[in-house]
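Input: a single structure, listed below in structure tokens.
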Amino acid sequence: MNKVYLQESSIISPLGFDVESNFQQVSAGKSALEQHPDFDQQYVGKINDDILAAYVEDFQIPNKGSRIQKIALAALLPLIRNRKPQNDSLLIISTTKGNVAALADQQIEAALLSNLGNEIAASAGFTTAPLLISNACVSGLMALSVAKRFMQMGKYQDAYVVAFDEVSPFIQSGFQSFQAVSPERCKPYDAKRQGVNLGEAAVASYLSKEKTTNGIHLAGDANINDANHISGPSRTGEGLFQSIQRAMQEADLQPNDIDYIVGHGTATIYNDEMEAIAFNHSNLMEKPVAGFKGNYGHTLGASGLLEAVLAAECLRKNYMLPSLGFESLGTSLPIHVLEQGTAANIYHVLKTASGFAGTNTALLLSKD
């Protein structure tokens with residue numbers, strides 16, 4: 001079966017407007033989470049609008065449409081300019097909320113994901129209709145999985161994936177209703193974690209079947225829904241465990257082969273506990289694990305792709321990024337949370353994501 005490689009990527013986030021800047025900021029332990037006046041001084045990770053406007057102007061991003069549309073195009077268009085999409089190129093758009101902010105002004109049509117997707121595709125010059133993936137917080141990682149499968153089936157020659165979400169008072173209030181928002185910067189896997197913070201980002205990646213110097217092999221993937229609860233993760237970790245097992249089976253890897261794990265790490269009580277259980281059942285409890293929500297907050301539909309792109313960069317640089325905010329383990333079963341960035345020869349990274357309604361995705365990224 002054809003191999004699929006993650007090639008060039010682009011990141012638009014509060015920590016920087018390219019992959020290298022984001023990698024260096026996370027490596028240095030920087031956090032985008034700040035108390036924001038628009039959110040009652042709660043901690044959120046928000047892109048500075050003045051910096052975004054300057055970037056849009058400097059790089060001639062179409063200055064039209066909604067704010068979220070501009071952020072998405074700011075991530076996608078640099079890849080398009082380097083490599084024009086063909087008639088057999090796939091565009092996958094991943095978002096959980098899209099332009100939900102339009103509803104505050106009764107702009108119903110503008111809030112429809114299909115309209116947003118078509119506008120982005122047209123601005124980027126795609127002739128094929130985009131595929132929209134909106135499957136809670138696994139959306140960004142699942143987008144890579146779906147692109148990989150379509151390409152292996154021979155449906156498309158290459159693929160572009162763009163994942164994005166923005167923070168808004170509406171979304172913040174939803175997470176507050178679950179009593180899941182931390183009053184301080186979130187601490188994935190830590191004993192004193194109090195919940196999640198929200199953030200925003202847009203990430204784009206180009207995938208092809210060509211083996212290149214910087215290409216990272218998407219070696220195995222799986223998506224399992226355990227249907228545990230509309231918002232609460234499984235207490236047994238069964239769905240995530242099965243996703244990991246099937247991804248490893250496809251990649252023909254054993255637990256000892258895994259060098260590093262980039263988890264979902266929302267810093268909520270039940271998500272982090274569920275992940276620890278799944279990692280233990282997978283015999284991965286001794287593998288270094290990091291979560292990047294302490295750097296960015298939870299960027300929803302962008303989070304899986306954002307963290308996968310950083311994981312791929314870890315493979316390229318032979319460097320494991322740390323888990324910001326961790327001090328002491330807060331899960332019932334042991335896991336090895338990485339407190340400091342570490343240089344090491346790494347060949348296989350497991351990226352996981354979980355979301356509302358019992359969604360779970362596992363993806364293995366490997367040096368070929």
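The values are calculated or read from the model by the stated rules, or taken from the named source; none is laboratory data. Just so you know, these numbers come straight off a predicted model, no measurement behind them. For neighbour counting, all protein chains shown are included, and Cβ atoms are generated from backbone atoms with ideal geometry for every residue, glycine included. When the accessible area is computed, the model is the full protein with side chains, heavy atoms only, and any ligands, DNA or RNA have been set aside. Shrake-Rupley method; radii C 1.70, N 1.55, O 1.52, S 1.80 Å.
Values computed for the structure shown
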item	result
Scope segment 282-317; condition touching a residue at least 40 places away in the same chain (Cβ under 8 Å) and of a type in the set (S, T, N, Q); matching residues	S282, N295, T299, S303
Residues (open to solvent by less than 30 Å² (accessible area, probe 1.4 Å), in contact with a strand residue (DSSP E or B) (Cβ under 8 Å, 6 or more places away or on another chain) and over 17 Å from I171 (Cα atoms)) located in segment 189-198	Y189, D190
Enumeration of residues in segment 43-86 that are within 29 Å of S208 (Cβ to Cβ), in a loop (DSSP other than H, G, I, E, B), in contact (Cβ under 8 Å) with a residue 12 or more places away in the chain and not hydrophobic (A, V, I, L, M, F, W, C)	P62, G65, R83, K84, P85, Q86
Candidate set from segment 133-171 (those that are among the hydroxyl-bearing types (S, T, Y) and in contact with a Gly (Cβ under 8 Å, 6 or more places away or on another chain)); member that is least open to solvent (accessible area, probe 1.4 Å)	S139
Residue within segment 52-66 that is among the small types (G, A, S), under 30 Å from G195 (Cα atoms) and open to solvent by less than 10 Å² (accessible area, probe 1.4 Å) present	no
Inter-residue pairs, beta-carbon under 6 Å, first over 23 Å from H348 (Cα atoms) and open to solvent by 70 Å² or more (accessible area, probe 1.4 Å) and in segment 218-247, second among the β-branched types (V, I, T) and modelled with pLDDT of 80 or more, 6+ apart	N225/T359
